[in-house]
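Shown next, in structure tokens, is the structure this report addresses.
The numbers here are math on the coordinates, done by the rules we state, and not lab data. From a predicted model like this one, the values you see are computed outputs, not experimental measurements. Note that we place each Cβ from the backbone using ideal geometry, even for glycine, and neighbour counts take in every protein chain shown.
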């Protein structure tokens, strides 16, 4: 019997231009450098020394010229730095979507089913008898005429009793506030946790825009204090020399959600550490050593207020310390929300699965 025949492997030809080959690396570095174009280009210079992706014909100068040609960076500002354009910011978000939720079809559109029928938005396969108040476009004409035909074709007469309507399913909008921890521990001990958190935030925003057009997403960052940022700010987000004021983040998130006139509201919080800061009588009260019971009590009170307001909190805990996980269990029980304990590798998929879970009407 003939054996295996081996031939020389010939890699497939890459017909992309030098610019197209280098652009994904540049976009990735922009996320790590918080949108600093010069720093990203400097990193590319360092990587070129190791991997040699520049050539004599196409180097940093040519790549930078192409970035301007394609409208991804603007001219130098007074500080001598080239700013990113809106087109570049959109590319970074789209890249995050591909990296985090790449298994999704970009053309998919969806809503959050409430699992009840009536005068809703989306048709189902169910039929029922006509009731006063049903819309004309709900009438299933073929089924209704067939009912009338059962009495005979010679004298076809369509009565109200013959009418059947297409049952519809209610679809809901959901208002989400994404809370991102930007305390110093997000880059502590040489581990970069803020970059994956930013990627998830950008990917989630793009996911909502594409698949859940009725939804809203607001973004809150929290350190010593909490403040709202826009979607376009995400690539530039940086960790500061902050403690973790979870209470401030939750209070701001709840204020935002109270203004959203929808039934379904929720908070998604990505954090890697314990609450270590609150404001008391206008002054900061901080304690980084262990779990301060006063700070913990205030944080649990905020979780209870969210529960009473009908706002569940989904917490993604990206730390493995048992005592911190025990705190998150207490926090989740107080809110009656959900909690996931995960490393950075599983973070994105868990955000996706939680966001696309149907929510029942209360």
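Quick notes
- Folded to 0 to 90 degrees: helix 322-335 orientation relative to the chain principal axis, Cα: 30
- With 0.36 nm allotted per residue and the present C-alpha distance subtracted, the residue 158-residue 297 stretch has 43.3 nm of extension available.
- Distant alpha-carbon pairs in the stretch 1-52 (separation over 15 angstrom), percent: 62
- Rounded to the nearest 10 degrees, the inclination of helix 37-51 to the longest alpha-carbon principal axis of the chain is 70 degrees.
- Mean residue ellipticity at 222 nm, helices only, the chain: -12500 deg cm²/dmol; runs of at least 4 DSSP H residues each add -39,500 (n - 2.57), and the sum is divided by the number of residues.
- Footprinting exposure proxy ranking of 353, 265, 128, fewest other C-beta atoms within 10 angstrom first, gives 353, 128, 265.
- With Cα atoms, 0 to 90° folded angle of helix 293-308 axis to the chain main axis: 30
- Taken along the Cα-to-beta-carbon direction at a fixed 7 Å, the label points for residue 139 and residue 6 span 7.5 nm.
- Contact order for the chain, expressed relative to its length and based on alpha carbon pairs under 8 Å spaced 6+ residues apart, stands at 15 percent.
- Computed FRET value (nearest 0.05) for residue 333 with residue 77, which takes r as the C-beta separation and R₀ as 41 Å: 0.25
- If you take the Cα centroid of the stretch 257-296 and the Cα centroid of the stretch 16-40, the two points sit 35 Å apart.
- Between the stretch 300-323 and the stretch 63-96, the Cα center-to-center distance that results, in Å: 38
- DSSP bridge pairs, the stretch 268-327: antiparallel proportion in percent, nearest 5: 50
- Exposure proxy for 31, 332: other Cβ atoms within 10 Å of each Cβ, ordered fewest to most, give 332, 31.
- Each of (i) 71, 49, 36; (ii) 59, 47, 42; (iii) 88, 72, 63 is a candidate for Cα extents along the principal axes in Å; the one calculated from this structure is (iii).
- Within the chain, antiparallel bridges make up roughly 45 percent of the DSSP beta bridges whose residues both belong there.
- DSSP-defined antiparallel bridges as percent of all bridges, the stretch 177-269, nearest 5: 35
- Subtracting the Cα-Cα distance of residue 188 and residue 70 from their residue separation scaled by 0.36 nm leaves 38.8 nm.
- Spin-label model, residue 233 to residue 128: label points 7 Å out along the Cα-to-beta-carbon direction sit 4.6 nm apart.
- Subtracting the Cα-Cα distance of residue 21 and residue 307 from 0.36 nm times their residue separation leaves 98.1 nm of extension gain.
- Working note: Cα atoms of the stretch 1-94, range along each principal axis, descending, whole Å: 74, 30, 23.
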